[in-house]
2 protein chains.
Amino acid sequence: MVEKEPVVGADGEFSLIERIRKLLPPVREPATMGLGDDAAVIRQADGQVLLVTTDMLVEGVHFDRSFMSAADLGYKSLAVNLSDIAAMGGIPTCCFLSLALPPSLSLSWFTAFMAAMVDAAGSFDVQLLGGDTVAADKMVIAVTMHGRSAAADVVYRKGGQPGDRLYVSGTVGDSALGLRLLRQGQKPESERSEPESFLINRHCRPRPRLQLARRLAEAHLASSMLDVSDGLLGDLRHLLAADGRGAEIFLEQLPLSPAYRKMQSFDDLEGYLPALTGGEDYELLFTVPSGREAEAAGIAEAAGVRISCIGSVVRGGGIQLVMPGGGRMAADDLRGYDHFAAAGSKR
Amino acid sequence: MVEKEPVVGADGEFSLIERIRKLLPPVREPATMGLGDDAAVIRQADGQVLLVTTDMLVEGVHFDRSFMSAADLGYKSLAVNLSDIAAMGGIPTCCFLSLALPPSLSLSWFTAFMAAMVDAAGSFDVQLLGGDTVAADKMVIAVTMHGRSAAADVVYRKGGQPGDRLYVSGTVGDSALGLRLLRQGQKPESERSEPESFLINRHCRPRPRLQLARRLAEAHLASSMLDVSDGLLGDLRHLLAADGRGAEIFLEQLPLSPAYRKMQSFDDLEGYLPALTGGEDYELLFTVPSGREAEAAGIAEAAGVRISCIGSVVRGGGIQLVMPGGGRMAADDLRGYDHFAAAGSKR
């Protein structure tokens, strides 16, 4: 009998990252953070730090050109990286783009894609300073984004204490519902209902929460923070893993958009699943020390972004979901999306 | 009759980059160089600059796992980016890796690949500080490399003056011959002749010329510089394009390795083609003001790297090849390799 050789797809993305981490020597100066947060942190001569994050998007895995416009994809490729800089409390400065393109791709599609990315960069005051362009069967987009911050203001994933309040910005789950609508059918934009348009727009045009994050960071109000890209529960696990903490989440307090509420029924947990595990919300998930809730509310108001307290950090591991009726359940089996674990299948 | 829609593969990579450049606003402070050189240049608070370069390697286009080992590929993915930092006269500091992997890739291959990359990073004193890992049908490797330099020491592609001597480090054309051998057959390593092993090693394990480049930069001896990745003539055109200059190259002065000389016959131009257009040499191509040749020789000796004067920069456009017999020909029709122009075909 031949034993099957272990493959990279077997254990999911985070196990692979863990394998890479084990091969690496400890991070040393001037870097203070390498793998394991939303961005690397590198000390600069003037008391500032350089933040660096990089994301790779693959056609057929992360996006589908059949239902995503060139302009939306150009915008979103930049926005997801801006969101990582936001999650560290940073100000984005410049970016680099490596692009694999099928040679048969139409030049007009390419130009619309690039124009939207350049336009988005300009509107966030980010310079596109370099990259690489290569041929491939499928489109691959790799963006590296730089940001800056005062060293003392950087917010890490690590830092949430038992008793800290758990907050999320905006609303969650919209992007997953928007993607579901896009997958279901190619309804022309003019025939979409208002909730449909809203949800699809949330999927295609995520808003990186740079202002809110920056204010939270400068006020030293967020004890830990990341952005929700793999699903609320999945990212919450990353936040808690850094400290070995647990959390309780009150489902009634999840910020759900009117469009989301219209699309889902809430008889049981099912209705909450897109909000809990859907992914690609690019909202901020952060903790605030108990007693500073009013400050947080003030900052959110000044930034013009809704924030919602959805629960607390608790001592000990695991995430408990508190149902609207008051019942509790462990969230252990509810996983965020993992492109590796789901390899070959579609979300 | 339906007109065929223009596609990105029609005009080659450099036309695409030109299209991107046209969409971009001018580079502004703190950046002083964006697209158009081996690395972007960003001014820092302490008189230093941050150099940033990014490269994307696609399976089946830039490498083939059937004849390239995991360790060689891990090493080379890093080396080609180090070479770009060298070409600016910089000192590499840290890097970021985005990796698309087929889920069916064996874990042992992946681990050998990563271990070689981490090992190479360590030996060049470079920290691997972050990245992204995603699933895809084919492997894609995107490395972003950071370097530093004193602002005054950076060497750009632009700057070569008529009369400047044209130099290349090491030997050229070996990598192309090595790749040809790898493609021809899967001869086990133990059965390779010494020249075969040499050439294959030159393809799989390029040596970034960091020490030499750094010394040339600090001595302000190179008036312009880049690294030879697209083929000597192709990259020479990039060097000259920045200034609207021409060049003459003496074929007899091309630095060819003994292995190269053994593999090729030199009855006509044919024998020189791999050296002129082969690509992936990762040697330095640079110009030195006339009269400073002895200084250049001294620096090369101190760095332990051979350099060869292969010709001069001349007024006016075009590259003239001077044959061993003294005859001249225009090099206009000899192109470096372009993955887009050659899409679908193999080098």
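The values are calculated or read from the model by the stated rules, or taken from the named source; none is laboratory data. The shown structure was predicted, so the numbers you read here are calculated from the model rather than taken from an experiment. Here Cβ is always computed from backbone atoms with ideal geometry, including for glycine, and neighbour counts include all displayed protein chains. Ligands, DNA and RNA are excluded from the accessible area calculation, which covers all protein heavy atoms including side chains. Shrake-Rupley method; radii C 1.70, N 1.55, O 1.52, S 1.80 Å.
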Exercise for the section: State which residue is farthest from the chain's Cα centre (by Cα) when the search covers only segment A:113-126 and only residues that are more than 9 Å from chain B (Cβ to nearest Cβ) and within 12 Å of A:Leu97 (Cβ to Cβ). Expected result: A:Phe113
Practice task
Quick one: which residue in A:Leu129, A:Leu97, A:Leu101, A:Leu78 is hydrophobic (A, V, I, L, M, F, W, C), modelled with pLDDT of 95 or more and farther than 28 Å from B:Pro102 by Cα?
Solution key: A:Leu129
Problem - Test result for A:Ala222, in contact (Cβ under 8 Å) with a residue 40 or more places away in the chain and assigned to a loop (DSSP other than H, G, I, E, B) - result: yes
Exercise for the section: Report whether or not A:Val52 is at the interface with chain B (Cβ under 10 Å from one of its Cβ atoms), assigned to a loop (DSSP other than H, G, I, E, B) and either over 30 Å from A:Asp119 (Cα atoms) or touching a residue at least 40 places away in the same chain (Cβ under 8 Å) (or both). Expected result: no
Exercise for the section: Name every residue in segment A:131-151 that is free of Cβ contacts under 8 Å to residues at least 60 places away in the same chain, out of contact with any helix residue (DSSP H, G or I) (no Cβ under 7 Å at 6 or more places or on another chain) and at negative phi, in order of residue number. Expected result: A:Asp132, A:Val134, A:Ala135, A:Ala136, A:Asp137
Practice task
Could you figure out which of (1) farther than 21 Å from B:Thr53 by Cα; (2) in contact with a Phe, Trp or Tyr (Cβ under 9 Å, 6 or more places away or on another chain) isn't true of B:Gly130?
Solution key: (1)
Practice task
Spot the failing condition for A:Gly131; the list is (1) within 17 Å of B:Lys22 (Cβ to Cβ); (2) in contact with a Ser or Thr (Cβ under 9 Å, 6 or more places away or on another chain); (3) open to solvent by 10 Å² or more (accessible area, probe 1.4 Å); (4) more than 8 Å from chain B (Cβ to nearest Cβ), and only one is missed.
Solution key: (4)
Problem - Residue within segment A:193-200 that is open to solvent by less than 30 Å² (accessible area, probe 1.4 Å), assigned by TED's automatic domain parsing to the domain that holds A:Ser290, part of a loop (DSSP other than H, G, I, E, B) and at pLDDT 95 or above present - result: no
Practice task
Quick one: B:Pro208 ticks every box in (1) of a type outside the set (S, T, N, Q); (2) part of a helix (DSSP H, G or I); (3) under 17 Å from the mean Cα position of the chain (by Cα) except a single one, so which number is it?
Solution key: (2)
Practice task
Return yes or no: is A:Ala100 over 20 Å from the mean Cα position of the chain (by Cα) and buried (at least 24 other Cβ atoms within 10 Å of the Cβ)?
Solution key: yes
Exercise for the section: Would you mind stating whether B:Arg43 is open to solvent by 30 Å² or more (accessible area, probe 1.4 Å), more than 9 Å from every other protein chain (Cβ to nearest Cβ) and in contact with a Leu (Cβ under 7 Å, 6 or more places away or on another chain)? Expected result: no
Fill in the blank from the handout: Going through segment A:18-40 in order, the residues found to be facing another protein chain (nearest Cβ under 9 Å), over 16 Å from B:Cys95 (Cβ atoms) and part of a helix (DSSP H, G or I) are A:Arg19
Practice task
Answer yes if at least one residue in segment A:75-94 is of a type in the set (A, V, I, L, M), assigned to a strand (DSSP E or B) and more than 10 Å from chain B (Cβ to nearest Cβ), and no otherwise.
Solution key: yes
Problem - So B:Leu57, is it on the phi < 0 side of the Ramachandran plot, open to solvent by 10 Å² or more (accessible area, probe 1.4 Å), within 13 Å of chain A (Cβ to nearest Cβ) and in contact with a helix residue (DSSP H, G or I) (Cβ under 7 Å, 6 or more places away or on another chain) - result: yes
